[in-house]
Amino acid sequence: MVSCKSVYQPQEDSTLLEKYVRQYAFAKVLDIGTGSGIQAIAAAQSKNVQSVLATDVQKGVIEYCKKCINNKKIKFLQSDLFNNIKGKFDTIIFNPPYLPQELKLEDLTIDGGKKGYEVIERFLNDANNFLKPNGIILIVFSSLTKKEKVENFIGNNLLDFEELEKTHIFFEDIYAYLLKKNDFLKKLEKKGIKDVKYLANGHRGLLFTGICKNKKVAIKTKNPQSKAVNRIENEAKWLKKLNKYNLGPRLLFADNGYFAYKFIEGYFIIDYIKKSNKKYIKKIIKKIFNQLFILDKLKIDKEEMHHPLKHILISKANPYLIDFERAHYTEKTKNVTQFCQFLISGYANKILHNKKINFDKGKIIKLAKIYKSNKNRMNLKRIIDAT
Ligand SMILES: C[S@@+](CC[C@H](N)C(=O)[O-])C[C@H]1O[C@@H](n2cnc3c(N)ncnc32)[C@H](O)[C@@H]1O
């Protein structure tokens, strides 16, 4: 049936997906990695489908399809995933190359990257921008691709999935999944946040970035794996309060279970120290101490200042304390003293030493003790002067 050697001959994965394309595809369809065009043709044959854009990364495949497939509903375009694609679709279909390179297959139609899931990961990271709010994604992948990884990418991109079918062939299982935007993503998109992308996860929160009114924002929501309660609400509450003292990232809005703040383009503290010279490092340390002193005075303990590696960002020569999930009121605040502890710890001390910044550890410990018993500006200044 097919003569071009770069065209993927339909296999079990193709026919499995085709079955669900016939059942679910609707309205405006995008078929990525069309190969022989099997999915595009199946979609075009459905009365629920108005148009199909069929794409492939390989030029030869697109030339072949244009020559061999004549269906008024289908248009062809060469594109590496979404690179040349514009607009939003009701249905996105993808039978991706999903086998790990270590199997040494050297074939673009099946080579999914080093681990096998890289193309799928790239696809899922971009798919939401091309999917309408109530659109669906139909995708197949193999047990050789690592199911948990794929499900992680799906979840991280705020998609819900339904396993439509699992079928066993030779040495692998093939899964057909139907994906939809989850309610949280729809809520964010309704708020005008576009281009929502997973950024990182902590023990308690999941962090996403997005674009709101042409500005980059960060969105934090609860990590479903965390058992901690009310941490997100707690952090939003603290940010609102602390922004009045110019502390923390600028809170934009908070809603049930999530909040958004102005994205801080910067370096984590250690990376900043590594790339900066002595004069700038000293200035930053002083600014951090001043911010921590405000927290001490407000009787708010931020926690984690003795290992603040991921909790202080430096942007345009200003420090931003981030992550106030565990912040709480207490008479016994430890913000300044914990930061002293960090500076004299072996890890930070070695990096600072390389920058020709050397502290008298014994003196800092002594000054921290004095500060602890009397948290005033004079005692803070003595610590700053010693660092
Ligand atoms: C497993 S075949 C699937 C072909 C056909 N859709 C099917 O179901 O039989 C994967 C197809 O994806 C294409 N492909 C690989 N990487 C791609 C990428 N980054 N962007 C678009 N297409 C890609 C390959 O050229 C190949 O035609």
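Within the range 90-109, track down each residue that is open to solvent by 10 Å² or more (accessible area, probe 1.4 Å), at pLDDT 95 or above and within 12 Å of the ligand (Cβ to nearest atom). Result: ASN95, single match. Taking the conditions (1) open to solvent by less than 60 Å² (accessible area, probe 1.4 Å); (2) of a type in the set (D, E, K, R); (3) away from the ligand (no atom under 14 Å from the Cβ) in turn, ASP80 satisfies each one other than (3). Scanning the range 260-281 for residues that are farther than 18 Å from SER345 by Cβ and either surrounded by 15 or more Cβ atoms within 10 Å (Cβ to Cβ) or touching a strand residue (DSSP E or B) at 6+ places or on another chain (Cβ under 9 Å) (or both) turns up ALA260, TYR261, LYS262, PHE263, ILE264, GLU265, GLY266, TYR267, LYS275, SER276, TYR280. Suppose the filter is among the charged types (D, E, K, R), in a loop (DSSP other than H, G, I, E, B) and under 24 Å from GLY210 (Cβ atoms); does LYS72 pass it? For LYS72, the condition - among the charged types (D, E, K, R), in a loop (DSSP other than H, G, I, E, B) and under 24 Å from GLY210 (Cβ atoms) - is not met.
Residue count for the range 20-42 satisfying the condition of being part of a helix (DSSP H, G or I) and either in contact with a Lys or Arg (Cβ under 8 Å, 6 or more places away or on another chain) or β-branched (Val, Ile, Thr) (or both): 4. The residues of the range 123-169 that are of a type outside the set (Val, Ile, Thr), within 16 Å of the ligand (Cβ to nearest atom) and assigned to a strand (DSSP E or B), listed by number, are LEU138, PHE141, SER142, LEU164, GLU165. Residue by residue through the range 340-360, note down the ones that are in a helix (DSSP H, G or I), without any contact (Cβ under 8 Å) to a residue 40 or more places away in the chain and either acidic (Asp, Glu) or surrounded by 15 or more Cβ atoms within 10 Å (Cβ to Cβ) (or both). Across the range 340-360, the qualifying residues are GLN341, PHE342, ILE344, ASN349. Screening the range 42-55 for residues that are more than 10 Å from the ligand (Cβ to nearest atom) and of a type in the set (Val, Ile, Thr) and picking the one that is surrounded by the fewest Cβ atoms within 10 Å (Cβ to Cβ) gives VAL49.
Here ARG382 fulfils each of the conditions (1) open to solvent by 30 Å² or more (accessible area, probe 1.4 Å); (2) out of contact with any Leu (no Cβ under 7 Å at 6 or more places or on another chain); (3) not hydroxyl-bearing (Ser, Thr, Tyr) apart from (2).
When LYS282, LYS227 are screened for being among the basic types (Lys, Arg), over 20 Å from the mean Cα position of the chain (by Cα) and at pLDDT 95 or above, only LYS282 passes.
One residue alone among LYS187, LYS197 is surrounded by fewer than 20 Cβ atoms within 10 Å (Cβ to Cβ) and either part of a strand (DSSP E or B) or hydroxyl-bearing (Ser, Thr, Tyr) (or both), and that residue is LYS197.
Yes/no per residue for (1) charged (D, E, K, R); (2) in contact with a Pro (Cβ under 9 Å, 6 or more places away or on another chain):
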| position | (1), (2) |
| --- | --- |
| TYR267 | no, no |
| LYS275 | yes, no |
| LEU292 | no, no |
| MET305 | no, no |
| ILE322 | no, yes |
| SER345 | no, no |
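If the condition is being among the aromatic types (Phe, Trp, Tyr), under 18 Å from the mean Cα position of the chain (by Cα) and not in a loop (DSSP other than H, G, I, E, B), then the range 233-270 contributes TYR258, PHE259, TYR261, TYR267, PHE268. Please state which one of LYS310, LYS355, LYS316 is under 15 Å from THR387 (Cβ atoms) and basic (Lys, Arg). After ruling out the rest, the residue left standing is LYS355.
Within the range 299-320, restricting attention to residues that are open to solvent by less than 10 Å² (accessible area, probe 1.4 Å) and not in a strand (DSSP E or B), the residue that is farthest from GLU331 (Cα to Cα) is PRO308. In the range 15-37, the qualifying residues are those that are under 18 Å from PHE170 (Cβ atoms) and crowded, with 18+ Cβ neighbours inside 10 Å, and the one that is farthest from the ligand (Cβ to nearest atom) is LEU16.
The values are calculated or read from the model by the stated rules, or taken from the named source; none is laboratory data. Only a predicted model underlies this, so the values are computations on that prediction, with no experimental measurement involved. Counting neighbours? That spans all protein chains shown, and the Cβs are built from the backbone with ideal geometry, glycine included. What goes into the accessible areas is simple: the full protein's heavy atoms, side chains included, and nothing from ligands, DNA or RNA. Shrake-Rupley method; radii C 1.70, N 1.55, O 1.52, S 1.80 Å.
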